[in-house]
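I have placed the structure first, in the form of structure tokens, so that the comments after it can refer back to it.
The values are calculated or read from the model by the stated rules, or taken from the named source; none is laboratory data. Remember, predicted model here, so these are calculated numbers, not experimental data. All Cβ positions, glycine included, derive from the backbone under ideal geometry; neighbour counts span all protein chains shown. Areas reflect the complete protein model, heavy atoms only, side chains present, ligands, DNA and RNA absent. Shrake-Rupley method; radii C 1.70, N 1.55, O 1.52, S 1.80 Å.
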Amino acid sequence: VWCILFLGGWLAWSGGADGPGAVIRIDLGTIDHAVSAALNESDVLQKTAEEAAQKKLSIKGFSGLKVKDFHPPVISLALSSASGLFVAALVQMTIAGKSFIGGSMEITVVANLTASSLLRQDAMGIPRFSSRNCHIALVSVKTNRPSSVLPKVMNKFLDNTLHKALLPLLCPAVDAVVNLVNAKFITMTSEIPLWDAGTLQYTLLTAPLMNDTFIELDLKTILHQEGGKEVDLPVDQLSLASLPAKRDGVTQLILSANFLSAALSVLQESFDLEITNNMVVNWELSPLCFDSSQLARVLPPSQPVVIEMREAKAPAMTIAPEKSFVQLFSTAEFRVFPSGSAPESLFVLDVHSNLEVQFAVAEEKLLLSLALQRLSRVTLASSSLGVFDELPLKGVLADIIHVAYVPWINRVLRAGVPLPDLLGITYQQASISGFQVG
């Protein structure tokens, strides 16, 4: 189960000014699911059983010993701030061979294999488990001979020799499972397309943190524009201590509003649009008349007018528990195309728009959809018509932005922001909520 949270501020890293753009808190259930999926997708257990069956075990007093039956282990996991990921596997197998006391003998062994794996950061910024401290404890040892036939010293001998023989037989299987999980981490740091305007890469900012209930990964979000230029993220920061408490049984992905703002800035040029009357009608939206009492004093009503919308600076996202908003800082240049003449600029308005943003998840991407709430500011930046009162244009400009410009931006945003590819787990059932740090 995923929960995606949007933080209404920046995430500060105690190690310096370069903070994480995203934080993932991995619940034990997510790791358990990843291990189960890795085992189902591979034949590691089958290979372990086959290799065990082919190996000849060397135990004093026995000859021709081979693994006759190998049951799939029952695996359980736990987290520890001291030892990392604790793996326990209950293994059952039957070993058959000839005994020095004569005749064939079968030994049914139930053993508990335990190992710990620390999660570290490799040179490429990828999380990686490294297994260590593999131990085997015999739970029970039974033979096909009556216990009265075997002296007590023989039982102790079996325990000691079996323990030594099983370590090289079973411990490599733990390494194989850990390597399967590590392979699922590699895709998390791959460079991925961000819309058609740039790329996004998630990489570990610092070593993973682990406690007794979850693993925390602080991720650096690296954004590049199409030409390769890296996008700077804002530096105003808030403390990671301000994050909400993690809910039990849920893996959390926390995205900074500043990271999302920076992602939108990659698209800044893609938002540019020339709006005409014909375009509005062709989009099957409410037709608009660009004429106004202000323009009518200078232009014939039939004079074709084009409004060129451009983003003057990067969009800014604001996150709050109830609603989230995107602020656009645009210029609206009104131009005319006199018959047989070059286009002429009439005037340019600075437009500050407030748009509510809705979030959804589809195909492992975060989808954003904007809706105009209001124009918070419209001011005259330049004019070839002389100074005039721009306020009467605010209403018609709001209508134009609502029916033409915002739908265009939503089309640009349709591809979505790729979310971290973590352990092969999908985000389809994720719950989404926002919170704000005071």
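Out of (1) of a type in the set (A, V, I, L, M, F, W, C); (2) without any contact (Cβ under 8 Å) to a residue 24 or more places away in the chain; (3) open to solvent by less than 40 Å² (accessible area, probe 1.4 Å), what's the single condition that is false for residue 366? Among (1) of a type in the set (A, V, I, L, M, F, W, C); (2) without any contact (Cβ under 8 Å) to a residue 24 or more places away in the chain; (3) open to solvent by less than 40 Å² (accessible area, probe 1.4 Å), residue 366 violates only (2). Residues of segment 311-364 that are closer than 28 Å to residue 253 by Cβ, in contact with a Leu (Cβ under 9 Å, 6 or more places away or on another chain) and of a type in the set (A, V, I, L, M, F, W, C): 314, 316, 317, 319, 325, 326, 328, 355, 357, 359, 360, 361. Scanning segment 310-326 for residues that are part of a strand (DSSP E or B) and surrounded by 15 or more Cβ atoms within 10 Å (Cβ to Cβ) turns up 310, 311, 314, 315, 316, 317, 318, 324, 325, 326.
Only one entry in 162, 219, 205 is under 21 Å from residue 136 (Cβ atoms), in contact (Cβ under 8 Å) with a residue 24 or more places away in the chain and not assigned by the TED database to the domain that holds residue 411, namely 162. Among the residues of segment 378-433 satisfying the criterion of being hydroxyl-bearing (Ser, Thr, Tyr) and in contact (Cβ under 8 Å) with a residue 60 or more places away in the chain, which is surrounded by the most Cβ atoms within 10 Å (Cβ to Cβ)? If we take residues in segment 378-433 being hydroxyl-bearing (Ser, Thr, Tyr) and in contact (Cβ under 8 Å) with a residue 60 or more places away in the chain, then 405 is surrounded by the most Cβ atoms within 10 Å (Cβ to Cβ).
Taking residues in segment 75-95 that are not assigned by the TED database to the domain that holds residue 176, and partners anywhere that are open to solvent by 10 Å² or more (accessible area, probe 1.4 Å) and at pLDDT 85 or above, not one pair has Cβ atoms closer than 9 Å while being at least 6 places apart or on different chains. Being in contact (Cβ under 8 Å) with a residue 40 or more places away in the chain and within 29 Å of residue 196 (Cβ to Cβ) is a property that residue 371 lacks.
Taking the condition at pLDDT 70 or above, farther than 30 Å from residue 426 by Cβ and either open to solvent by 70 Å² or more (accessible area, probe 1.4 Å) or not small (Gly, Ala, Ser) (or both), does residue 71 pass?
On the way: at pLDDT 70 or above: yes; farther than 30 Å from residue 426 by Cβ: yes; either open to solvent by 70 Å² or more (accessible area, probe 1.4 Å) or not small (Gly, Ala, Ser) (or both): yes.
Against the criterion (at pLDDT 70 or above, farther than 30 Å from residue 426 by Cβ and either open to solvent by 70 Å² or more (accessible area, probe 1.4 Å) or not small (Gly, Ala, Ser) (or both)), residue 71 qualifies.
Being surrounded by 16 or more Cβ atoms within 10 Å (Cβ to Cβ), of a type in the set (S, T, N, Q), in a strand (DSSP E or B) and modelled with pLDDT of 90 or more is a condition met by at least one residue of segment 336-353. Within the option set 200, 219, 223, 194, being hydrophobic (A, V, I, L, M, F, W, C) and under 30 Å from residue 78 (Cα atoms) holds for one residue only, 219. Given the condition under 30 Å from residue 189 (Cβ atoms), open to solvent by 10 Å² or more (accessible area, probe 1.4 Å), outside any strand (DSSP E or B) and out of contact with any Lys or Arg (no Cβ under 8 Å at 6 or more places or on another chain), answer yes or no: does some residue in segment 101-119 qualify? No, there is no match, as no residue in segment 101-119 is under 30 Å from residue 189 (Cβ atoms), open to solvent by 10 Å² or more (accessible area, probe 1.4 Å), outside any strand (DSSP E or B) and out of contact with any Lys or Arg (no Cβ under 8 Å at 6 or more places or on another chain). Look through 416, 424 and report the one residue that is out of contact with any strand residue (DSSP E or B) (no Cβ under 9 Å at 6 or more places or on another chain) and of a type outside the set (Asp, Glu). Going through 416, 424 in turn, just one is out of contact with any strand residue (DSSP E or B) (no Cβ under 9 Å at 6 or more places or on another chain) and of a type outside the set (Asp, Glu): 424.
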